[in-house]
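Worksheet: one structure, shown below.
What follows is calculated from the coordinates using simple rules that are stated; it is not laboratory data. Bear in mind that the values here come from a model prediction, so they are computed numbers and not experimental data. Here the Cβ positions follow ideal geometry from the backbone for every residue, glycine too, while neighbour counts run over all protein chains shown.
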Amino acid sequence: MDNFDGKLAVITGAGDGMGRSLAVQLAGEGAHLALCDVFSETLAETKRLCLQAALDNRSESKVSVHHCDVGIEADLIRFRDEALAEHETSSINLLFNNAGIGGGGSLVTDSRQVWERTFDVCWGGVYWGTRAFLDALIAADEALIVNTSSVNGFWASLGPSRPHTAYSAAKFAVKGFTEALISDLALNAPHVKVAVVMPGHIGTGIAGNSALVHAADGVHIDPGAAEQGAAFRNSAPTTAGEAATAILDSLRAGQWRILIGEDAHVIDMEVRQDPESAYEPGFLQRLGSHLQSLITDK
């Protein structure tokens, strides 16, 4: 799919980060958009930015916004029904299963509630989202499913001193699901393609937004979560806008395995070269040295 003009794109987690940047860039290229997020205020701002991008680029883009918690299958089914009705269609061309949160680092010490909430959003949102929109994708002349995994979809770690089980398990599932769909769709719906996105450290609000989601569920959150979230966003080597541009360029090029950021490429290479030591302290040290050398070379 090398042209997004006139295509209908569905994007989850569009209130911030990569979801917002994808929406704005697609609007500028003339795509129509059905956007959802659990935060209505930030989603309204995304819509405003999309309409402005369409105006600036003299493109036509119809944008609908929908409140949806992708960790609840019924919400995704309602979102699908609302989106298709709003756009007066029975088909869509692009599905970006992008929404995600962090949390549930330890199976041992973290609560089951937080662990399963994280897993339900990061994995369930992709699986249920694909299920919900599958018929609409098949009904299109051409269609593309884009699932957001992570470097933690092939390296289940934030380092040896910090467990990262719920998010990593979910992102591994997303990666495996997407790769399995390549053959499934080729056999049963060959005009529907699929791609998996594996970002490294991207400047998004995921850390802060994750705290808000868990807090809304009644979970006690560290008072410093907002500052930590801002630090995560501001220290990222790749912006959300840069990530969105790289994703869309890769889709136009027909790529299905999309690594975003030099850090993602380095981690992928190091894990492939020495998987047996990927969870030992020395691996993180080598990884840090390699990433530092890239910064120095620049």
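Order by neighbour count: Y127, Y279, fewest other Cβ atoms within 10 Å first, most last. Kindly include the intermediate steps, with their values, before the conclusion.
Numbers: Y127 19, Y279 14.
Least crowded to most crowded, the residues run Y279, Y127.
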* Structure fact -> Nearest-0.05 FRET efficiency for A186 and Q273 at R0 = 35 Å, using Cβ-Cβ distance, is 0.70
* 3J(HN,Hα) from dihedral phi, segment 190-203, Karplus parametrisation 6.51/-1.76/1.60, rounded to Hz, x for glycine, proline -> x, 7, 9, 9, 9, 9, 10, 9, 10, x, x, 7, 10, x
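How charged is the neighbourhood of V70? Take every other residue with its Cβ under 13 Å from the Cβ of V70, and add Lys/Arg as +1 and Asp/Glu as -1.
-1
Report the local net charge at C36: Lys and Arg +1, Asp and Glu -1, summed over other residues whose C-beta lies under 11 Å from its C-beta. Don't jump to the answer; show the numbers that get you there.
Working: positive: R78, R80; negative: D37, D69, D75, E82.
Local net charge: -2.
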* Rounded to the nearest Å, what's the spacing between the alpha carbon centres of segment 67-120 and segment 175-237? Just the number, please. => 11
* To do: State the cysteines of the chain left without a partner when partners are defined as other cysteines whose beta carbon lies under 4.7 Å away.
  => C50, C122
* **Where labels lie 7 Å past Cα in the beta-carbon direction, separation of L55 and H220 in nm** => 4.8
* Asked: If one takes the longest principal axis of the Cα atoms in the chain, at what angle in degrees, from 0 to 90 and to the nearest 10, does the Cα axis of helix 225-234 lie?
  -> 80
* If you take the charge dipole of the chain about its Cα centre, with +1 on Lys and Arg Cβ and -1 on Asp and Glu Cβ, which of G224, T130, S21 is farthest toward its positive end? -> G224
* Structure fact -> As straight-line cross-link partners of K47, the qualifying lysines (C-alpha separation under 25 Å, not fewer than 8 residues apart within one chain) are K7, K62
* Going by alpha carbons, how many degrees (0 to 90, nearest 10) lie between the helix axis of 206-216 and the longest principal axis of the chain? -> 80
* **Rounded tilt (10° steps) of 262-273 against the dominant C-alpha axis of the chain** => 60
* **Relative contact order %, the chain, counting alpha carbon pairs below 8 Å whose residues are six or more apart** => 17
* First select every other residue whose beta carbon is under 12 angstrom from the beta carbon of G13; then total the charges, Lys and Arg +1, Asp and Glu -1. => -2
